[in-house]
Amino acid sequence: MNLSVVIPCFNEVRTIEQVLISVREAVGLEGEIIVIDDFSTDGTRELLEKNENNLLYQVIYQPVNMGKGAALRAGFARATKNTVIVQDADLEYSPQDYSALISPIEEGYADVVYGSRFKGDRPQRVLYFWHRIGNSALTCMSSLFTNLNLTDMETGYKAFRRDIIQSIVIEENGFGFEPEITAKISGKGLRIYEVGIAYFGRTYAEGKKISWKDGLLAVWCILKYNVKD
């Protein structure tokens, strides 16, 4: 695949190796894998250094913990392929969905594609009720301002034409990236599509990091990037 896969990573020593193997299998030797280690302290950094040559990926080592948005900013700047996709460093999202995600871009009728956990018939792990309610509320709030009929604004799977994502200034350092990028691509009048994806969600005991504080940040970012002075 002519694809740059950007993987922000923080303390994912249990999953990062399998993610990298799965991504490489999905993209083949033509694809580009860029990992941004966000100053991991659990052995992830050392594992990446050890396997970097064997698994054919690039690593950007952040000097301090800066957050997902900062990691993506660094990764997008390094990308060289025509299409860029975000891949989380856990096992919640499957690289087997790449073809479906990037085909609208490669076929010329989309500029941005969101992978929705709430569309289609792909497998979905049943987890937290209040997370689903919170996600729906944030997506609805974002859509009220952007007038986009998205079903999953907070999805971790987003694909972009490289020229577009590299033209957007990402200001948020943390999880505020999701509402920020949605507001900014909406403001550009781009062709946005959604496709259904599989979701193998994990529990907090398995390493999930998102919290209610990130939900409050998302609300603030929706207002910040959509309400003009």
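Here are the numbers:
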quantity	calculated
Any hit, segment 67-87, residues being without any contact (Cβ under 8 Å) to a residue 60 or more places away in the chain and more than 15 Å from I7 (Cβ to Cβ)	no
Total residues in segment 163-195, condition assigned to a loop (DSSP other than H, G, I, E, B) and either within 15 Å of T146 (Cα to Cα) or touching a His at 6+ places or on another chain (Cβ under 9 Å) (or both)	4
Residue in segment 37-55 that is crowded, with 21+ Cβ neighbours inside 10 Å, within 18 Å of the chain's Cα centre (by Cα) and closer than 24 Å to M1 by Cα present	yes
Among (1) surrounded by 15 or more Cβ atoms within 10 Å (Cβ to Cβ); (2) assigned to a helix (DSSP H, G or I); (3) not small (G, A, S), the one test that L144 misses	(1)
From the options Y93, Y114, Y98, Y57, residue that is touching a Leu at 6+ places or on another chain (Cβ under 8 Å) and at pLDDT below 95	Y57
Single condition A77 does not satisfy, out of (1) surrounded by 15 or more Cβ atoms within 10 Å (Cβ to Cβ); (2) in a helix (DSSP H, G or I); (3) of a type in the set (G, A, S)	(1)
Verdict on V84 being outside any helix (DSSP H, G or I), farther than 22 Å from P179 by Cβ, modelled with pLDDT of 95 or more and not charged (D, E, K, R)	no
Which listed residue, of D97, D90, is of a type in the set (D, E), under 16 Å from the mean Cα position of the chain (by Cα) and not in a loop (DSSP other than H, G, I, E, B)	D97
Which listed residue is part of a loop (DSSP other than H, G, I, E, B), closer than 21 Å to E154 by Cα and not β-branched (V, I, T), from E12, E30	E12
Tally, over segment 104-141, of residues that are buried (at least 17 other Cβ atoms within 10 Å of the Cβ), in a loop (DSSP other than H, G, I, E, B), touching a strand residue (DSSP E or B) at 6+ places or on another chain (Cβ under 6 Å) and not charged (D, E, K, R)	1
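The values are calculated or read from the model by the stated rules, or taken from the named source; none is laboratory data. Since the model is a prediction, treat every value here as computed from it, not as a measurement. So basically every Cβ, Gly included, is an ideal-geometry build from the backbone, and we count neighbours across all protein chains shown.
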